[in-house]
């Protein structure tokens, strides 16, 4: 982690994006695959990849406790230095300046320690593992490990900057790296494929969620018709929870916008999906749904966060998955096929009771959109989604999609 810390310091010390990319690319070239995988994730400010649902659950107090035990600092020292620095990682660097590291951990070894921390229950029980970790780190290393644990790296890197550094490090096309990361949701794995020269071999994988395609707000109807030169779809904008449904191999899984598996909260959707005799990845919205009507989001909230919703709650507030896009069907990658083709396939599938095709219509000439909005409102939906009929599915991107009227959610 010493070279990692040195590289992070160099990146933090320049405002030039090109220099940040150059520093990171130079470092990435020196790494074996395991360290490359871990380091790229760390440089996005996360301990685990985007599609990895594990959380460290290491709080401020446990980190401070470990640093204080190693450094021997008083409570007053801790308080004063934190007030001066305003950053837990930088406070640790200052307090551990005289500490001699007992070992030299690589990024992959630190990642392994993170994996072990996940398994430990209780903040106090995590402190011994943190002590072992910090005793083996220099002060600069400890600074960045704490920043990664807290998700507060703050060295001027964004994920797309790390993508560009990977492309530069291994002489790959930036678009190929970006697309691979979109599909994998794992920048570490993307970097390994780039190093191997295997980006072109990437395929959609079942039960490995992709980032969702997003939309941008439109202020006026004029803006909408200026955006869409050709035919576009008009759909209701649902007040629910975005979901990505994976079906195949005899099972089903439902992922949230944060790419967490939330299927256990919505068993009726999973049960209906498991009855399908097809393999697919569908994009849609989870809504509270009863008597052929979408129910208010406040009711859906009662279903959230429950590992096993009781039967009474399932009966009181049933849900449905409103399907409006398809990413894969029977092993066929649909990301590069136009939305018009994806819609045709959606309509050809025999969906289960809790799986519903989101109604849509296509416009090929200018008409007033206000009546469509009023109809959506009458169906208890919050607005309209407008989608280019020829658009491809671009995970994590906002091209070719608008929502109207303005709303705080996507």
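Values quoted throughout were computed directly from the atomic coordinates according to the rules given, and no laboratory measurement underlies them. The shown structure was predicted, so the numbers you read here are calculated from the model rather than taken from an experiment. Cβ atoms come from the backbone with ideal geometry, glycine included; neighbour counts cover every protein chain shown.
By how many degrees, 0 to 90 and rounded to 10, does the Cα axis of helix 339-348 deviate from the longest principal axis of the chain?
Approximately 70 degrees, to the nearest ten.
If I model a spin label as a point 7 Å beyond the Cα along the Cα-Cβ vector, how far apart are those points for residue 201 and residue 69 in nm?
About 4.5 nm separates the two model spin labels.
Going highest first, how would you order 28-39, 141-152 by mean Cβ packing within 10 Å? Kindly include the intermediate steps, with their values, before the conclusion.
Working: 28-39: 19.5, 141-152: 22.5.
Ranked by mean Cβ neighbours within 10 Å, highest first: 141-152, 28-39.
Compute the semi-axes of the equivalent ellipsoid of the stretch 112-153, taking the square root of 5 times each eigenvalue of the Cα gyration tensor, and list them largest first in whole Å.
Largest first, the stretch 112-153 gives 18, 12, 9 Å.
I need to check one value: relative contact order of the chain, counting alpha carbon pairs closer than 8 Å and at least 6 residues apart, in percent.
Relative contact order here is 18 percent.
Sort the stretch 49-108 into rounded, prolate or oblate with this rule: let a ≥ b ≥ c be the square roots of the eigenvalues of the Cα gyration tensor; rounded if a/c is under 1.5, and if a/c is not under 1.5, prolate when a/b is larger than b/c, oblate otherwise. Don't skip to the end; give the middle numbers.
Working: a/c = 2.22, a/b = 1.44, b/c = 1.54.
Taking the square roots of the gyration eigenvalues as a ≥ b ≥ c, the stretch 49-108 is oblate.
If we sort 346-357, 173-184 on the protection proxy, mean other Cβ atoms within 10 Å, highest first, what's the order?
173-184, 346-357
Give me the base-10 log of I(q)/I(0) for the chain at each q in 0.06, 0.07, 0.08, 0.13 Å⁻¹, Debye formula, one uniform scatterer per Cα, rounded to two decimals.
-0.31, -0.41, -0.54, -1.15
Helix 60-71 sits at what angle to the longest principal axis of the chain, using alpha carbons and giving 0 to 90 degrees rounded to 10?
It is inclined by approximately 20 degrees.
Quick check on packing: order 113-123, 127-137 by the mean number of other C-beta atoms within 10 Å, highest mean leading.
Details: 113-123: 14.5, 127-137: 18.8.
Final packing ranking: 127-137, 113-123.
At a threshold of 8 angstrom on Cα-Cα distance, excluding pairs fewer than six apart, so keeping six or more, what relative contact order does the stretch 216-404 reach in percent?
Computed value for the stretch 216-404: 32 percent relative contact order.
Counting alpha carbon pairs within less than 8 Å and at least 6 residues apart, what relative contact order, in whole percent, applies to the stretch 2-149?
Rounded, it is 34 percent for the stretch 2-149.
On alpha carbon coordinates alone, what is the Rg over Rh value for the stretch 2-149, Rh being the Kirkwood radius?
0.96
Based on the alpha-carbon gyration tensor of the stretch 321-369 and its eigenvalue square roots a ≥ b ≥ c, which shape applies: rounded if a/c is under 1.5, prolate if not and a/b is larger than b/c, or oblate?
oblate
What's the Kirkwood radius of the stretch 305-347 in Å, using all Cα pairs?
Hydrodynamic radius (Kirkwood, Cα pairs) of the stretch 305-347 is 13.0 Å.
So what is the 222 nm mean residue ellipticity for the chain from helices alone, if each DSSP H run of at least 4 adds -39500 (n - 2.57) and you divide by all residues, rounding to the nearest 500 deg cm²/dmol? The partial results should precede the final answer.
On the way: 18 runs with 178 residues, N = 410.
One gets -12500 deg cm²/dmol as the mean residue ellipticity at 222 nm.
Roughly what angle does helix 174-184 make with the longest principal axis of the chain, taking Cα atoms, 0 to 90 degrees, to the nearest 10?
80
Label the stretch 216-404 by shape, choosing from rounded, prolate and oblate, from the square roots a ≥ b ≥ c of the eigenvalues of the Cα gyration tensor; if a/c is under 1.5 it is rounded, and otherwise prolate applies when a/b is larger than b/c, oblate when it is not.
In terms of gyration-tensor shape, oblate.
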